[in-house]
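Before I ask anything, here is the structure I am working with.
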Amino acid sequence: MSESFADKTALVVGAAAGIGRAVAFELAARGARVALADRDLPTARSAAEELAAAGRRAIGTFCDVERPETLEAALATVEAELGHVDLLVNNVGAILSGRPEEIPLEEWRRIFELNFFYAVRTVQTLLPGMLERGAGHIVNVASVAGLFPYAINRAPYAAAKAALISYSENLALYTEPQGVRVTVFCPGPTRTAVAAGMMVWSKDAPMVGPGRQFALMSAEEVARRLVDAVAAGAVLAVAHDCAWEELRAHAVDPDGYLRRRLAAMAAGDLGLPPRPERES
């Protein structure tokens with residue numbers, strides 16, 4: 001049965017721009033009350049005001065995932081103004097570029113904090129209430145970089161997203177029998193500003209993509225696919241359908257898959273989308 005968003009409250013963490021903002025707008029268009037949480041409070045509030053002007057119920061609230069106490073404050077604001085959270089969307093992420101041996105351990109920790117541990121914290125904060133009500137939906141935004149290997153200059157990011165995928169699937173096994181659904185969604189190349197702010201540790205580290213068949217998507221296209229997956233109750237979902245073929249090929253013959261990747265790279269095929277923008 002397809003899940004309805006009417007009369008539901010959604011909290012989107014990391015909603016000021018990019019995929020998070022687009023998801024908030026898509027959920028609002030489908031009838032949800034939306035809280036846009038971000039450390040960029042003015043932009044989050046501006047987006048919420050745009051939704052309110054269109055007749056949607058929305059608020060912008062401050063949340064810096066590197067400061068856990070701000071999540072509690074944001075949740076209190078959301079519950080006071082919109083009611084308990086029915087749908088949590090964890091959409092914070094950060095990437096860096098570098099050769100694995102040159103990336104400091106502190107940066108590995110930072111990337112894991114921003115791509116994995118913050119999601120664990122938000123889930124631990126909201127899950128008890130969902131379990132008590134016997135209803136709710138948790139959405140963790142990962143990446144195709146966590147599904148199969150290619151992101152050689154973004155190893156901390158790929159590893160953190162792989163951890164998020166595993167965590168989400170195991171979480172679903174625990175929560176779904178208790179009425180709480182979990183979706184982990186994996187975008188591929190997407191037009192966002194994330195890459196523009198990417199920290200670079202090794203200027204000569206090669207940028208490798210998932211494959212030239214992964215056409216660059218807009219944030220709005222990705223958001224529609226994400227919300228469709230949530231409505232359908234999918235546990236693992238992707239933005240690009242071609243990701244399933246890559247995942248199957250890797251699962252059937254991991255060593256052969258890696259050898260084919262190495263051969264393609266040696267031949268000059270870095271698997272980048274056929275447009276100048278880069279993966280989010």
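Among (1) of a type in the set (K, R); (2) modelled with pLDDT under 95; (3) farther than 26 Å from R110 by Cα, where does R67 come up short?
The number of the failed condition is (3).
Within segment 232-251, take every residue that is hydrophobic (A, V, I, L, M, F, W, C) and farther than 22 Å from R212 by Cα and give me the one that is most open to solvent (accessible area, probe 1.4 Å).
Start the filter on segment 232-251 by keeping residues that are hydrophobic (A, V, I, L, M, F, W, C), which leaves 232, 234-239, 242-244, 247, 249, 251.
Subsequent filtering for residues that are farther than 22 Å from R212 by Cα retains 232, 234-236.
Details: A232: 74, A234: 29, V235: 48, L236: 41 Å².
Across segment 232-251, the extreme among qualifying residues is A232.
Return the pairs, sorted by first residue and then second, in which the second residue is open to solvent by 80 Å² or more (accessible area, probe 1.4 Å), the first residue lies in segment 241-257 and is within 18 Å of M217 (Cα to Cα), the beta carbons are less than 6 Å apart, and the residues are 6+ apart or on different chains.
From segment 241-257, the pairs are C242/Q213.
Which members of segment 136-173 meet the condition of being in contact with a Lys or Arg (Cβ under 6 Å, 6 or more places away or on another chain) and of a type in the set (G, A, S)? Quick ask: steps written out before the conclusion?
First pass over segment 136-173, keeping only residues in contact with a Lys or Arg (Cβ under 6 Å, 6 or more places away or on another chain): 137, 142-143, 145-146.
If the condition is that a residue be in contact with a Lys or Arg (Cβ under 6 Å, 6 or more places away or on another chain) and of a type in the set (G, A, S), then A142, S143, A145, G146 are the ones that fit.
While we're looking at this one, here's another question. Report yes if some residue within segment 214-231 is part of a strand (DSSP E or B) and either within 24 Å of R30 (Cβ to Cβ) or open to solvent by less than 50 Å² (accessible area, probe 1.4 Å) (or both); otherwise report no.
If we filter segment 214-231 for residues that are part of a strand (DSSP E or B), which is where we start, we get 217.
Now narrow it down to the ones that are either within 24 Å of R30 (Cβ to Cβ) or open to solvent by less than 50 Å² (accessible area, probe 1.4 Å) (or both): 217.
Yes, the conditions are met somewhere in segment 214-231.
Quick check on segment 241-251. Is at least one of its residues more than 25 Å from the chain's Cα centre (by Cα), assigned to a loop (DSSP other than H, G, I, E, B) and modelled with pLDDT of 95 or more?
Going residue by residue through segment 241-251, those that are more than 25 Å from the chain's Cα centre (by Cα) are none.
Among the residues of segment 241-251, not one is more than 25 Å from the chain's Cα centre (by Cα), assigned to a loop (DSSP other than H, G, I, E, B) and modelled with pLDDT of 95 or more, which makes the answer no.
Looking at the structure I just gave you, is E107 touching a helix residue (DSSP H, G or I) at 6+ places or on another chain (Cβ under 7 Å), acidic (D, E) and touching a residue at least 12 places away in the same chain (Cβ under 8 Å)? Lay out the reasoning, then the answer.
Numbers: touching a helix residue (DSSP H, G or I) at 6+ places or on another chain (Cβ under 7 Å): yes; acidic (D, E): yes; touching a residue at least 12 places away in the same chain (Cβ under 8 Å): yes.
Spelling it out, E107 is indeed touching a helix residue (DSSP H, G or I) at 6+ places or on another chain (Cβ under 7 Å), acidic (D, E) and touching a residue at least 12 places away in the same chain (Cβ under 8 Å).
Go through segment 107-138 residue by residue and tally those that are under 20 Å from A32 (Cβ atoms) and basic (K, R).
1
So which residues in segment 132-166 are closer than 25 Å to E245 by Cβ and out of contact with any helix residue (DSSP H, G or I) (no Cβ under 7 Å at 6 or more places or on another chain)? Show your work before the answer.
So in segment 132-166, the residues closer than 25 Å to E245 by Cβ come out as 139-155, 157-166.
Selection gives I152, N153, A159, S166.
Across segment 31-51, what is the total count of residues that are charged (D, E, K, R) and farther than 19 Å from N90 by Cβ? If you could, list the steps in order and put the result at the bottom.
Looking only at segment 31-51, we keep the residues that are charged (D, E, K, R), and these are 33, 38-40, 45, 49-50.
Okay, now just the ones that are also farther than 19 Å from N90 by Cβ, so 45, 49-50.
Qualifying residue count, segment 31-51: 3.
The values are calculated or read from the model by the stated rules, or taken from the named source; none is laboratory data. What you are looking at is a predicted structure, and each value in this text was computed from that prediction instead of being measured. Methodologically, a virtual Cβ is constructed for each residue, glycine included, from the backbone with ideal geometry; neighbour enumeration extends over all protein chains shown. Side chains included, ligands, DNA and RNA excluded: accessible areas come from the protein's heavy atoms. Shrake-Rupley method; radii C 1.70, N 1.55, O 1.52, S 1.80 Å.
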